[in-house]
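Asker: Dropping a structure here in structure tokens format, bear with me for questions.
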Amino acid sequence: MQTLIYGSYVLIWPILTLGVLTLICRAVLRDMRVAREEKRDLV
């Protein structure tokens, strides 16, 4: 049982990291699209 708990704890981090990375990428892509529509630089 303890192995299952430790394994779950270790395997949850890649899932959380992927979620955060997805959130950041979606925000950047949305900002890029808005900047392109307004004909301005992203930075």
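Asker: Given the criterion of a type in the set (Lys, Arg) and surrounded by 10 or more Cβ atoms within 10 Å (Cβ to Cβ), identify the matching residue among 30, 40.
Answerer: 30
Asker: Taking region 7-18 only, how many residues are of a type outside the set (Val, Ile, Thr) and surrounded by 10 or more Cβ atoms within 10 Å (Cβ to Cβ)?
Answerer: Of the residues in that region, 2 qualify.
Asker: Give the chain a look and list any residue that's at pLDDT 95 or above and polar (S, T, N, Q), or say none.
Answerer: Passing the criteria: 17, 22.
The values are calculated or read from the model by the stated rules, or taken from the named source; none is laboratory data. Because the structure is a prediction, the values reported are computed rather than measured. Virtual Cβ from ideal backbone geometry, glycine too; neighbours counted across all protein chains shown.
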